[in-house]
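The values are calculated or read from the model by the stated rules, or taken from the named source; none is laboratory data. The structure presented is a predicted model; accordingly, all values stated were derived computationally and were not measured. Reconstructed Cβ throughout: ideal geometry from the backbone, glycine too, with neighbour counts over all protein chains shown. Surface areas here come from the heavy atoms of the whole protein model, side chains and all, with no ligands, DNA or RNA. Shrake-Rupley method; radii C 1.70, N 1.55, O 1.52, S 1.80 Å.
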Amino acid sequence: MTERKYAIVGVAANDVLNVREKPDASSKKVYSYAPPSKGIRLTGEHLEKGGTPWVEVLFDGGKGWVNRLYLTEQHPGGGCNDSALTAVIRAFMRAVVAADGAALKAIVSPLRGLSVRPEGKVLKFSYEKVETMFSSPTVLNLGPGDGGGPDITGTFKELVQPQLVKAVSGKGAQEVCGKLLTGNSTSLPPTLEQFPNVTPVSFHLPDPEGGNHWVTWIGSIEYVDGKPYFSALDQYQWSI
């Protein structure tokens, strides 16, 4: 069996991932990885402490502990050419259109759940809560509307799912793996550098009249124990 190797994920470009002597954030720092480091090897030792999953890693000259949530699995032959990853994309599209939480949970990262960013605000759903995302009566607050208007509030099914459905199955919707599709906008478009060490997939609904009324959701797919899963969804749309 080929040894699995890991890469840094979720660490800012100007930051580092510290390796600790013990599985504790206050423990002595013995090493650090700067993004986008790859080829990180694990010893196989792991421990959950205070809700944080710690894993022991090997580095030149020793070993230590890091937060597993900042590592993503490198998969030889993985990515857009992987038929398993393509199947996960199709399953995601069906789950969104059907508002099927159980089906969505089956293709969401069991390690980190799903991070959803509509309207610039990040919503984090644990793996256990993904199944009830579409049915939950919990009222979400996405912050002020356009021009500083009243806060945008509602359930996930009311606020987020309609935009997802548009991008996934609206007339003229486009889906592409490994590329970022957006329309005309006055804001800076996303770049692949913003999605390091994951496989991005774009769900884009262009303006049918060629204008600025478009919406894009970019999904981040990573591997956990050799299988691809969605771990994040980021919304981009026209702005004025």
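A few comments on the model shown:
- Rounded tilt (10° steps) of 83-98 against the dominant C-alpha axis of the chain: 40
- Which labelled figure in (i) 7, 26, 32, 25, 8, 1; (ii) 7, 31, 36, 22, 4, 0; (iii) 7, 29, 33, 22, 8, 1 is P(r) over Cα pairs in 10 Å bins from 0, in percent, once derived from the coordinates: (iii)
- Å² per residue, accessible surface of the chain at 1.4 Å: 53
- Within the chain, percent of DSSP bridges classed antiparallel, to nearest 5: 95
- The accessible-area ordering, largest first, of the residues 151, 234 stands as 151, 234, per a 1.4 angstrom probe.
- By accessible area, using a 1.4 Å probe on protein heavy atoms only, segment 92-180 has 53% of its surface on carbon and sulfur.
- In loop segments of segment 162-236 as defined by DSSP, the trypsin sites (Lys or Arg not before Pro) with at most 11 further C-beta atoms inside 10 Å of their C-beta are 171.
- Given the chain, longest segment not containing exposed loop GluC sites (Glu not before Pro) (DSSP; at most 13 other Cβ within 10 Å): 4-208
- With 24 Å as the limit on Cα-Cα distance, the pairs of 5/129; 29/121; 166/227; 28/49 that go past it are 5/129; 29/121; 166/227.
- Amide H partners (placed H, <5 Å) of residue 32, local residues excluded: 19
- Using a simple spin-label model with pseudo-atoms 7 Å out from Cα toward Cβ, residue 90 and residue 29 lie 4.7 nm apart.
- Largest to smallest in accessible area, the residues 93, 133 fall in the order 93, 133 (1.4 Å probe, all protein chains included).
- Residues in segment 102-125 that a label on residue 151 would reach, taking backbone N under 17 Å of a point 7 Å out along Cα→Cβ: 118-124
- Each residue was assigned an accessible area with a 1.4 Å probe, and for residue 17 the value is about 10 Å².
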